[in-house]
1. Yes or no: Ile84 buried (at least 22 other Cβ atoms within 10 Å of the Cβ), out of contact with any Leu (no Cβ under 6 Å at 6 or more places or on another chain) and either closer than 18 Å to Tyr16 by Cβ or not small (Gly, Ala, Ser) (or both)?
2. Can we say Arg106 is surrounded by fewer than 20 Cβ atoms within 10 Å (Cβ to Cβ) and within 24 Å of Thr27 (Cα to Cα)?
3. Can you name the residue in region 120-161 that is among the small types (Gly, Ala, Ser) and over 25 Å from Pro103 (Cβ atoms) and is also surrounded by the fewest Cβ atoms within 10 Å (Cβ to Cβ) among such residues?
Amino acid sequence: MRTANNKLAKVSVRSYLRPGDIGAVATLHGLVYAREYGFDATFEAYVAAALAEFVLLQFEPTEHTPPRQCIWIAEHSGRVVGSIAIVAASEDAAQLRWFLVDPALRGAGLGRRLLNEAVAFCQSCQYRSVYLWTTSALTAAAHLYRCVGFQKVADLPGRRWGAYVVEEKYELSLS
């Protein structure tokens, strides 16, 4: 744990994108989920396509309204080691997406830091709720979600990304 904590002290988190971030976030997801859960390349493509859509829509000009979407990128020694994003799902609801921490930094508090930042952002945007989809295999993430008040509201078993998964939907009421 001491090694992870030392590394965490050198992790920076930013809420803007640089060239290469979309690819790095998609790659991190693809590699981690393939290694840990047996997902195939379609998962990385799923992440990359949704990220690209988010970025293209996020930077569309608006009528002087504050941003209601954000992505946070965690870096260590110039390498992307984590991410999380809030996407506007409706006027009242946000979706938490692309939450991942590099396995080498897990357990040091980076995931909690990113999740707290995202929930605080949702509150500042006056969303009434935030939801996310995950899989049942991500037990540590589910524990973290429950610790900040998310509740599981749905299960969806099936075959996706080359593996059998049980997708789970979690929601957090902010009102």
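The values are calculated or read from the model by the stated rules, or taken from the named source; none is laboratory data. Just so we're clear, the structure is a prediction, and the values are computed from it rather than from any experiment. Cβ: placed from backbone, ideal geometry, glycine included. Neighbour counts: every protein chain shown.
1. no
2. Details: surrounded by fewer than 20 Cβ atoms within 10 Å (Cβ to Cβ): yes; within 24 Å of Thr27 (Cα to Cα): yes.
Against the criterion (surrounded by fewer than 20 Cβ atoms within 10 Å (Cβ to Cβ) and within 24 Å of Thr27 (Cα to Cα)), Arg106 qualifies.
3. Step one: list which residues in region 120-161 are among the small types (Gly, Ala, Ser), which gives 120, 124, 129, 136-137, 140-142, 149, 154, 158.
With over 25 Å from Pro103 (Cβ atoms) added as a condition, the list becomes 120, 124, 129, 149, 154, 158.
On the way: Ala120: 10, Ser124: 11, Ser129: 16, Gly149: 13, Ala154: 11, Gly158: 8.
Looking at the filtered set, the residue picked out is Gly158.
Conditions tested, residue by residue: (1) within 26 Å of Gly158 (Cα to Cα); (2) at pLDDT 95 or above.
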site: Asp92; (1), (2): no, yes
site: Gln95; (1), (2): yes, yes
site: Trp98; (1), (2): yes, yes
site: Ala104; (1), (2): no, no
site: Gln123; (1), (2): no, yes
site: Tyr131; (1), (2): yes, yes
site: Thr135; (1), (2): yes, yes
